[in-house]
Structures are given as structure tokens and as C-alpha cells.
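Since the structure comes first, as C-alpha cells, the remarks are kept for the end.
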Amino acid sequence: MLWGAGLIRASLLPWPAGEANLLEHGDAWARYLLYLPGSVFAALVLLKQARQLQTHNLPRPARDVRWAALGFGLNLFTGALIVPHLGFFPASALNYATFEAAVGLPVQVFRAASAIVVAFFVVRALRVFEDEHRLQIERAHRQLETLSALALSAQEAERKRVARELHDDTAQSLTSLLLRMKLLEKSRDSVTLRQTVRDLIDLTVRTLEGVRWLALQLRPADLDDLGLIPALERHADEVAALSGLTIRVEADGGDKRLPGELELAAYRIVQEALTNAVKHARATTAAISLRRSPDGLEV
């Protein structure tokens with residue numbers, strides 16, 4: 001609107017004859033109609049960019065961009081409003097002569113200074129932005145390395161747990177089976193034989209249950225075949241059968257499959273929580289609640 005109003009006014013003013021006066025008028029109106037709105041637009045865009053950089057946690061580029069916007073503001077005054085002396089307002093009041101009389105220096109000095117400020121801080125902002133981007137990439141790499149280390153640590157902890165359970169439960173059960181079978185081999189009494197066979201059957205059943213439980217702990221087949229909710233229901237039934245704990249599973253959000261990594265993470269979280277409940281909480285009941293939302297999964 002301002003540009004249009006200026007253009008209308010320029011068209012209504014009488015243009016003087018003579019090449020020198022014509023060039024001065026052309027220079028003045030070019031600054032009013034082109035330089036002025038361009039400088040305003042550039043300053044506003046830089047200020048908006050500075051706010052965006054600030055919200056992205058990039059304070060140094062944001063500060064440099066603000067300084068560049070300030071340079072455009074200075075350039076707005078000295079480059080767009082200070083023109084040769086002409087017979088119409090504002091050129092009759094804001095011109096080279098009145099400016100130099102007021103500040104003691106020609107306007108070209110301030111134009112050069114504002115251009116230097118704009119160029120310096122724009123280049124500096126771009127370089128600092130590149131540095132910040134590089135630092136963010138380095139931080140992301142360090143986070144990935146940390147996550148990789150945590151994943152390896154979790155894998156090692158899982159291996160230790162499996163090794164401990166194999167040693168404490170399965171190996172001991174198999175050793176007991178071996179000893180009882182040796183006793184059975186030497187026994188001649190039929191009553192003792194029958195009792196030993198019954199004990200062997202019970203021990204074999206418990207050993208098989210322990211191995212099966214260990215296999216379920218390592219990787220439940222239901223999780224791959226049926227999904228998270230059926231796998232958790234099956235796991236809850238297994239834990240309830242072995243521990244006597246009453247477990248209720250509540251799921252809300254439909255049967256649509258989730259990404260495999262998310263299903264596995266949720267399964268492991270529930271698995272560990274139930275293990276703690278059985279071993280440490282002395283609980284009699286437990287509830288597993290799953291609620292899906294557009295943002296993710298709540299367990």
C-alpha cells in the first residue's frame with residue numbers, strides 16, 4: 001500500500017527538465033519506492049528468522065541475525081530516506097545537506113557502515129549456524145554411541161541372567177536327574193524303583209517347564225506371530241501358573257500391530273515389572289494396562 005501510494009504521488013508530481021535534476025528525482029524515488037520497502041522487508045524477515053533460530057536453541061546465530069536486521073534498519077534510514085535535496089517532502093527535509101549538517105559526516109559513511117554491519121553479521125550467522133549444526137551432529141553421534149553402549153550392556157546383562165538361570169536351575173535339575181538315574185540303576189527294590197521313577201518324572205516336568213520358561217523369557221514366539229497384546233496375555237498366564245499371581249491384562253486401542261521395536265520394548269518392560277512383582281513385591285494381584293494414542297503407547 002505504501003509503495004502504491006508513493007508510486008501514485010510520484011506520477012502526480014511534475015518531473016523537471018534537465019538531465020541532472022531528472023537523475024536526482026529518479027534516484028530519490030527509486031530509494032523511496034524500492035530501497036525503502038526492500039529494507040523493511042529484509043529487516044522483518046531477519047527478525048522472524050532470529051526468533052525461529054532461538055526456538056531451535058541456536059542463540060548465537062539468532063543474535064547475529066538480529067544484528068544484521070539492525071544493520072538493515074540503519075540502512076533503511078540512511079539509504080532509503082536520505083536523498084538529494086528536492087522541492088517536495090520528505091526530500092526537502094531529509095536530504096544530504098541536512099543530514100551532514102546534523103551529524104557532521106556525509107550520509108555515504110553511514111551507508112557503508114550499515115552495509116558492512118549487514119554483511120559481517122549475515123556471514124557470521126551463517127558460519128555460526130554451520131558450527132552449531134556440526135555440534136548438533138556431533139552430539140547426535142555421541143548419543144548414538146551411548147545408546148549403542150547401553151544396548152551392548154543390556155545384551156551382556158541378559159546373557160549373564162540367562163547363564164545364571166541355566167546354572168542355578170536347569171543345570172542343577174539335570175544334575176539331580178543324573179544322580180537319581182544312577183541310583184535307579186543300582187536299586188533292586190521295586191518300591192524304591194517306582195518311587196524313584198515318579199520323582200524322575202516330576203523332576204523332568206519341572207526341568208522342562210524351566211527350560212520352556214527360559215525360552216519364553218528370551219524371545220516369545222507369540223510376539224512375532226500374533227503381536228504385543230496376545231504375547232502379554234500368554235506371558236501373564238505363564239507367570240500366573242508358575243507363581244499363583246492373579247494377573248489382569250487390559251488393552252485399549254485396537255489390534256493393529258505396532259513397530260517391532262516398540263512391541264519388544266513394551267514387552268520387556270512388562271516382563272521385568274512382573275518379574276519384580278513375583279520376586280520382590282509379595283503381591284497377590286497385578287494389572288497390565290495398555291493404551292494407544294496418536295503420540296505412542298502408554299503401558
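The values are calculated or read from the model by the stated rules, or taken from the named source; none is laboratory data. All values reported here derive from a predicted model rather than from experimental measurement. Quick reminder, even Gly has a Cβ in these numbers, built from the backbone with ideal geometry, and neighbours come from all protein chains shown. For accessibility, only protein heavy atoms count, side chains too; no ligands or nucleic acids. Shrake-Rupley method; radii C 1.70, N 1.55, O 1.52, S 1.80 Å.
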> Which net charge results when you count Lys and Arg as +1 and Asp and Glu as -1 among the other residues whose beta-carbon is under 15 Å from that of ILE116?
Replying inline: +1
> Going highest first, how would you order 137-149, 80-92 by mean Cβ packing within 10 Å?
Replying inline: 80-92, 137-149
> Check ILE247: other-chain or 5+ apart residues with amide H under 5 Å from its amide H, H built from backbone geometry?
Replying inline: ALA286
> If you add up the charges near ALA236, with Lys and Arg at +1 and Asp and Glu at -1, over every other residue whose beta carbon is less than 13 angstrom from its beta carbon, what do you get?
Replying inline: -3
> Could you give the nm distance between label points at VAL299 and ASN57, where each point is 7 Å from its Cα heading toward the beta carbon?
Replying inline: 2.6
> Where Lys and Arg each count +1 and Asp and Glu each count -1, what net charge lies around ARG248 among other residues with Cβ under 12 Å from its Cβ?
Replying inline: -3
> When you count, for each residue, the other Cβ atoms within 10 Å and take the mean per peptide, how do 223-236, 263-276, 198-211 rank with the highest first?
Replying inline: 223-236, 263-276, 198-211
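Determine the share of the stretch 251-296's accessible area contributed by carbon and sulfur atoms, expressed in whole percent, with a 1.4 angstrom probe.
Here carbon and sulfur together make up 53 percent of the probe-accessible area.
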>> Quick check for you: which residues of the stretch 53-78 have the amide N under 19 Å from the point 7 Å beyond the Cα of GLN108 toward its beta carbon?
In response: 75-78
>> Taking R0 as 22 Å, what FRET efficiency do you get between ARG282 and LEU214 from their Cβ-Cβ distance, rounded to the nearest 0.05?
In response: 0.40
> With each pseudo-label sitting 7 Å past Cα toward Cβ, what's the PHE41-ARG134 distance in nm, one decimal?
Replying inline: 3.4
